[in-house]
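Worksheet: the structure to be examined is printed underneath.
The values are calculated or read from the model by the stated rules, or taken from the named source; none is laboratory data. These figures come from a predicted structure and were not determined experimentally. Cβ: placed from backbone, ideal geometry, glycine included. Neighbour counts: every protein chain shown. Just so you know, the surface numbers come from the protein's heavy atoms only, side chains and all, with ligands and any DNA or RNA stripped out. Shrake-Rupley method; radii C 1.70, N 1.55, O 1.52, S 1.80 Å.
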Amino acid sequence: MLVIETIADMKRYSAASRAAGCSLAFVPTMGYLHEGHLSLVRLARERANRVIVSIFVNPLQFNDPADLEKYPRDTPRDLALLEAEKVDVVFLPNSQEVYPDGPPGLRLTHPLMQELCGKTRPGHFEGMLHIVHNLLLWTNPHYAVFGRKDYQQLKLIEIMNRELSLGVTIVSAPIIREPDGLAMSSRNARLSAAGRSQAAVIPRTLAEAARLAGQPGISVAEVNLLLSQRLAAFKTDYAAVFDPQTLKPLSDNQSPRNGLLAVAVYIEGVRLIDNRYINEE
Ligand code: AMP
């Protein structure tokens, strides 16, 4: 496994691989890897001859400096996990090279950024798209794999890829969950044992809401009421049924059948997001 630390080396590797006729699949991450990330790596491996994984905690997408400060990091452990997955390249760019002039003035923006997490995380999606855009240029992959756990992020990356003609095949990966249903996340490590067991309320509530929504004659308002009742003990940024394409809340009198359930819930001050399609198996 090759560890690449500069943008120039990354570009050289990618160009040489392409010249040699190899296909490339790329998995961007912020590290502190778990089975969710590794499932993306395995999907990447199915698609291409060579797999590139990046680890970069992107300061530009943290609207809260305390969140950036507390973001868990363990590069030696991450490298061992990636080596065991037979990853070809780990790209570890550094902030000085990524942002030589400080925060960039040019921003990619899109109306979808105003919905869901965009309402409470100003600048987050602009910062995320900026780094994903540049990582895609530097790694120049045929495929890039993203998890549906970050549903809004995935939609924005698909839009960027299409509208800016980046020509990458975007692969979307299902949410990997803990045995009690909690979506795996690097942030889960910040929960105490008590908080961790409380957090199971999130997937339990999504499953219950999906069951309710699947019954004949149930309205969006009834599903939203269930979500707010079950999560009443916690601060939430949102917990409702959304249109999976526009990410706008479905209106109360609509059928929730083709909706997306999405929540952002704070447990012990840790912001946890999760989602599921109502008609998902
Ligand atoms: P992160 O390191 O949190 O920025 O995530 C890197 C990639 O892993 C993103 O495409 C995420 O959507 C994906 N990811 C994170 N957690 C999960 C999960 N539990 N299941 C599937 N994909 C995930």
Calculated on alpha-carbon atoms, Rg and Dmax of the range 33-186 in Å: 15.4, 45
Average accessible area per residue (Å²) across the chain - probe 1.4 Å, nucleic acids and ligands excluded: 46 Å²
Restricting things to alpha carbons, find the Rg to Rh ratio for the chain using the Kirkwood radius for Rh. 0.97
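At most 14 other Cβ atoms within 10 Å and a DSSP loop assignment: could you name the GluC sites (Glu not before Pro) in the range 1-84 that fit?
Glu5
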Excluding ligands, DNA and RNA, the carbon-plus-sulfur percentage of the accessible area of the range 2-173 with a 1.4 Å probe reads 52 percent
Can you spot the aspartates and glutamates whose alpha carbon is less than 19 Å from Lys119's alpha carbon? Ignore those fewer than 8 places along the same chain. Asp64, Asp67, Asp150, Asp237, Asp243, Asp274
Of all trypsin sites (Lys or Arg not before Pro) in the range 46-117, which ones are in loop regions per DSSP and have a Cβ with at most 14 other Cβ atoms within 10 Å? Arg73, Lys86, Arg107
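Taking the Cα centre of the chain as origin, work out the dipole magnitude from +1 charges on Lys and Arg Cβ and -1 charges on Asp and Glu Cβ, in debye rounded to 20.
Computed about the Cα centre, the dipole is about 260 debye.
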What's the long-distance tail for the range 125-178, i.e. % of Cα pairs beyond 15 Å? 45 percent
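With n ≥ 4 as the cut-off for DSSP H runs, can you work out [θ] at 222 nm for the chain, using -39500 (n - 2.57) per run divided by the number of residues, rounded to the nearest 500?
Rounded to the nearest 500, it is -11000 deg cm²/dmol.
For the range 186-274, give the percent of accessible area contributed by carbon and sulfur heavy atoms, probe 1.4 Å, rounded to a whole number.
Exposed carbon and sulfur together represent 52 percent of the surface.
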Per its Cα gyration tensor (rounded if a/c is under 1.5, else prolate when a/b beats b/c, else oblate), the range 128-281 is best filed as oblate
A correct Stokes-Einstein calculation for the range 186-274, using the alpha-carbon Kirkwood radius, 25 °C and 0.890 mPa s, returns a whole-number D in µm² s⁻¹ of 183 µm²/s
